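Engineer: Here it is: the structure, laid out below.
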Amino acid sequence: MSLRLRVTVLTCAVVALVVVVIATVFFVIVGAKLRGDLDQRVTRRAEIMENAFTRLPPAALLTPIRRSTVSGTASSFSIGHAVQGGDDQDMTDDAPAGLRISPATWAQAPRSSVRIVTLDSGGKDYSFALLRLQAPVTVAPTGRAVAIDAIAVGASLDDVYTTLRSLVQVMIIAGIAGLLVTGSGGWLAAGRGLRPLTVLSRAVESVGRGGDLSRRLPERAQQDEVAQLTTAFNHSLDRVETAYHELEQLLEQQQRFVADASHELRTPLTTIRTDIEVMRRHPELAPADRDRVLDNALTELSRLSQLVADLLTLASADARTAVVPLPLNWDEVVQSAADDARRICDPRPVSLALNGTLGAGVADQDALQRTFVALFENIAHHTPIQTRVWVTANNGEGNGVHPIEVRIEDDGPGVSGDNLPHLFERFFQADASRHSRGTGLGLAIARSLVEAHGGSIGAGPSSHGGLALVLSLPRNAPEAIGEGSDGEVP
């Protein structure tokens, strides 16, 4: 069932319910009014008859009574209750044949007031006004004197029932007509009201078929629910497009990474294979030449092992399993980093400056050591031996989520502005001539490990003229990062 049809059916159901309630209330009110009017009429006739019996002389009461002289209307009739037994007396010649009022009903007649009762006779209902006279009165309705002590003025309820049946028929016909009009109007109104949704649905379908995530739905001038839905859908498209482009970039980076890794792995493997084939084909090689070939193969094998280890470290960092946070002392971490710098960068002089006490925290000291080693090896590989190195640590308590800042600066040749944005990319080589001195993964590993701690790393020109590497780390690494006690990633 379409939304338009559901709205139309719901509208008709609500209208039908309202019509039924109103018709029921109207039917009850009209029925009560008609019955009340009839009861008032018979009550008035009973009071008139009682007054007549009281004021008329006895001679007049003994005259035969006819409806023209008493009732004044053909729709009501009067019956008198005989004191000495016998049949009830029809005093107006209008009482239906066979109508009898039981003694129990006559006994309910009050004195000096009127009681309304409903009687059934011959399948018809009658409304009676019962009234007991102050004293028995002798009357001659048929020419024979009869003493009566109570009177009953009645009228048939057929007219009331007929009117109510006609009213019900009119309400049914009017209700059906109203539902037809309501259904037609609801169908048209629902179609007009849902037209923006239809347009929106077609536009969404068009975007889905075309696959163009840059398309947006036209904004509506009215600030209604459809406009809000359009805005929300456009925002969702923005997020989807952003995620799609990020995924594309990630796939491109992955493809480039695989291609670069294949290239980097192919070179040492080719060299090792060539050296082995040379030794196999020339068993008569001189010991000096054989040693030179073996040394070359071992060098390439060492480089291959380092490359594989770096790739595994990057994979672990990407999978967020390379970091296991434990309690540590940041002052000891920085001091250990300065010791590694002096060992790796030797004979370059290394200066350490601690601006305040860093204090305790939670991080992976081994991962941090690998990070600093990668940064110092980058300096050792790409700067002259007379270059000076500065390691500065700051305790930035008021620096938000990254209160620990470590700066590593040198006064070497630095890096050009064009290469700075690519410095932390995998297998990036600022100078092709430096290719043999490293794998091109050191700075990429450093960035991955720092980001695994929830921190960041950046590069820029140093105030000493060379390159400045700035690490911003939280005092306590996030608990969700790293491996849990059972070896699984939280």
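The values are calculated or read from the model by the stated rules, or taken from the named source; none is laboratory data. In this text the structure is predicted, and so the values were computed from the model without any measurement. Methodologically, a virtual Cβ is constructed for each residue, glycine included, from the backbone with ideal geometry; neighbour enumeration extends over all protein chains shown. Please note that ligands, DNA and RNA were not included when accessible areas were found on the heavy atoms of the full protein model with its side chains. Shrake-Rupley method; radii C 1.70, N 1.55, O 1.52, S 1.80 Å.
Engineer: Whether any residue in segment 351-370 is of a type in the set (Val, Ile, Thr) and under 21 Å from ALA459 (Cβ atoms) is what I want to check.
Structural biologist: no
Engineer: Something else about it: Considering every residue within segment 155-162, establish whether at least one is within 24 Å of LEU38 (Cα to Cα), of a type in the set (Val, Ile, Thr), in contact with a Ser or Thr (Cβ under 7 Å, 6 or more places away or on another chain) and open to solvent by less than 30 Å² (accessible area, probe 1.4 Å).
Structural biologist: no
Engineer: Sticking with this structure for a sec: Quick one: which residue in ARG447, ARG434 is more than 48 Å from the chain's Cα centre (by Cα), modelled with pLDDT under 90 and among the basic types (Lys, Arg)?
Structural biologist: ARG434
Engineer: Taking ARG273 as the residue in question, decide whether it is more than 26 Å from LEU441 (Cβ to Cβ), part of a helix (DSSP H, G or I) and among the charged types (D, E, K, R).
Structural biologist: no
Engineer: Consider GLY487 carefully, then state whether it is farther than 24 Å from ARG388 by Cβ, open to solvent by less than 70 Å² (accessible area, probe 1.4 Å) and modelled with pLDDT under 75.
Structural biologist: Spelling it out, GLY487 is indeed farther than 24 Å from ARG388 by Cβ, open to solvent by less than 70 Å² (accessible area, probe 1.4 Å) and modelled with pLDDT under 75.
Engineer: What single numbered condition from (1) surrounded by 14 or more Cβ atoms within 10 Å (Cβ to Cβ); (2) more than 20 Å from ILE29 (Cβ to Cβ); (3) in contact with a helix residue (DSSP H, G or I) (Cβ under 9 Å, 6 or more places away or on another chain); (4) touching a residue at least 40 places away in the same chain (Cβ under 8 Å) fails to hold for GLY178?
Structural biologist: (2) is the only condition that GLY178 fails.
Engineer: Still on this model: In segment 366-383, which residues are closer than 17 Å to GLU425 by Cβ and open to solvent by less than 40 Å² (accessible area, probe 1.4 Å)?
Structural biologist: Matches in segment 366-383: THR371, ALA374, LEU375, ASN378.
Engineer: Tell me which of these LEU358 doesn't satisfy, since it passes every other one: (1) assigned to a helix (DSSP H, G or I); (2) within 53 Å of the chain's Cα centre (by Cα).
Structural biologist: (1)
Engineer: Go through segment 93-116 residue by residue and tally those that are in contact with a Gly (Cβ under 9 Å, 6 or more places away or on another chain) and surrounded by fewer than 16 Cβ atoms within 10 Å (Cβ to Cβ).
Structural biologist: 3
Engineer: While we're here: Taking the stated definitions as given, is ARG266 at pLDDT 80 or above, out of contact with any Asp or Glu (no Cβ under 8 Å at 6 or more places or on another chain) and either of a type in the set (Asp, Glu) or exposed (fewer than 12 other Cβ atoms within 10 Å of the Cβ) (or both)?
Structural biologist: Spelling it out, it is not the case that ARG266 is at pLDDT 80 or above, out of contact with any Asp or Glu (no Cβ under 8 Å at 6 or more places or on another chain) and either of a type in the set (Asp, Glu) or exposed (fewer than 12 other Cβ atoms within 10 Å of the Cβ) (or both).
Engineer: Shifting gears a bit: Scanning segment 304-336 for residues that are in a helix (DSSP H, G or I) and at pLDDT 85 or above, which turns out surrounded by the most Cβ atoms within 10 Å (Cβ to Cβ)?
Structural biologist: TRP330
Engineer: While we're looking at this one, here's another question. So for segment 125-142 (the condition being without any contact (Cβ under 8 Å) to a residue 60 or more places away in the chain, closer than 28 Å to PHE26 by Cβ and surrounded by fewer than 16 Cβ atoms within 10 Å (Cβ to Cβ)), does at least one residue qualify?
Structural biologist: For segment 125-142, residues without any contact (Cβ under 8 Å) to a residue 60 or more places away in the chain, closer than 28 Å to PHE26 by Cβ and surrounded by fewer than 16 Cβ atoms within 10 Å (Cβ to Cβ): present.
Engineer: If we keep just the residues of segment 4-40 that are surrounded by 14 or more Cβ atoms within 10 Å (Cβ to Cβ) and among the basic types (Lys, Arg), which is farthest from the chain's Cα centre (by Cα)?
Structural biologist: The extreme case among them is ARG35.
Engineer: ASP339 fails exactly one of the following numbered conditions: (1) in a helix (DSSP H, G or I); (2) in contact with a helix residue (DSSP H, G or I) (Cβ under 8 Å, 6 or more places away or on another chain). What is the number of that condition?
Structural biologist: (2)
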